[in-house]
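Below you'll find the structure, written out as structure tokens, and then a few comments.
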Amino acid sequence: MTTFWQKEVGKNKQRKQHIAIANLYLGKKTMAKQAKTLNQNELRKVLDYTATRKHSLRNRCLLYTTFLSGMRVGEVASLRYCDVVNEDGTVKNEIRLIAENTKTNEARTVFVNDKLRKEFEKYIVVYKPANRETKFFYSQKRHSAGGGFTANTLTQFFHYLYKRSGIDGASSHSGRRTFITNLATQGVGVRVLASLAGHKNISTTQSYIDVNDDMKRKAVELA
């Protein structure tokens with residue numbers, strides 16, 4: 001016969017199992033939470049803050065690189081001056097990312113549009129390292145062997161930039177997500193988006209797209 005205490009032990013065991021399942025579910029939900037995509041007003045807010053700080057041209061260029069190229073933060077951190085700037089001092093139309101600097105370990109081409117080219121041109125007016133192998137985006141350790149940001153330090157940079165700009169929920173991934181979402185809003189196909197983002201599976205790209213009211217307005221106009 002089952003005693004009262006055995007029943008209570010059984011109930012406690014069941015409660016613990018329910019709590020564990022709930023914690024696991026909540027943990028997965030938290031992990032699944034994606035970086036915030038920014039609208040034009042929010043981006044302007046970050047740019048206005050950037051303009052008041054040291055290294056404003058570098059920081060502005062860093063910000064636009066993530067919003068206009070869709071590169072991952074590690075890919076941005078890996079850029080060398082020679083990857084972006086030709087020997088004659090002009091900005092390249094295409095940036096070649098070597099396999100070892102991409103998350104998927106596959107080389108790909110990043111296309112530089114006119115707006116991003118202009119941001120690069122403004123930046124290289126004030127930053128012209130003697131060694132073209134130097135990191136494109138210098139950090140406080142610009143004179144050290146590395147000479148620039150790592151993926152981790154650049155991630156922290158964006159965290160504090162958004163935080164101090166008053167943008168909640170944004171991270172180093174926000175520019176990339178905004179890039180993909182903006183192109184999707186303009187009707188760019190998911191296969192093209194996947195190629196630009198360096199995704200192996202289009203399902204990954206689809207998860208990056210933040211459905212917004214502008215998308216829905218355009219969709220109903222097609223009906």
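Values in this text are rule-based calculations from the coordinates and carry no lab data. Worth saying up front: this structure is predicted, and the values here are computed from it rather than measured. All Cβ positions, even for glycine, are placed from backbone atoms using ideal geometry, and neighbour counts span all protein chains on display.
Pairs Lys92/Lys122; Lys54/Lys128; Lys163/Lys200; Lys92/Lys118; Lys54/Lys163; Lys92/Lys115: which are spaced more than 20 Å apart, C-alpha to C-alpha?
Exceeds cut-off: Lys163/Lys200.
Residues with beta-carbon under 11 Å from that of Val76, excluding Val76: net charge, scoring Lys, Arg +1 and Asp, Glu -1?
Net charge around Val76: +1.
Using 0.36 nm per residue, how much length does the chain from Ala99 to Asn86 gain when fully extended, once their Cα-Cα distance is taken away?
Length gained between Ala99 and Asn86: 2.6 nm.
Decide, for the stretch 40-214, between rounded, prolate and oblate: order the square roots of the alpha carbon gyration tensor eigenvalues as a ≥ b ≥ c, take rounded if a/c falls under 1.5, and otherwise choose prolate if a/b is larger than b/c, else oblate.
Judged from the Cα gyration tensor, the stretch 40-214 comes out oblate (a/c at least 1.5, b/c at or above a/b).
Rank the residues Arg72, Arg117 as a footprinting-exposure proxy: fewest other Cβ atoms within 10 Å of their Cβ go first.
In order of increasing Cβ crowding within 10 Å: Arg117, Arg72.
Quick one: order Ile98, Ile167, Ile180, Ile202 by neighbouring beta-carbon count within 10 Å, fewest to most.
Ile98, Ile202, Ile167, Ile180
Using the count of nearby Cβ atoms within 10 Å as a rough guide to exposure, how do Thr66, Thr153 rank from fewest to most?
With the fewest neighbours first, Thr66, Thr153 line up as Thr153, Thr66.
Could you tell me whether the stretch 159-223 comes out rounded, prolate or oblate from its Cα gyration tensor? Rule is a ≥ b ≥ c as square roots of the eigenvalues, rounded for a/c under 1.5, then prolate if a/b exceeds b/c, otherwise oblate.
oblate
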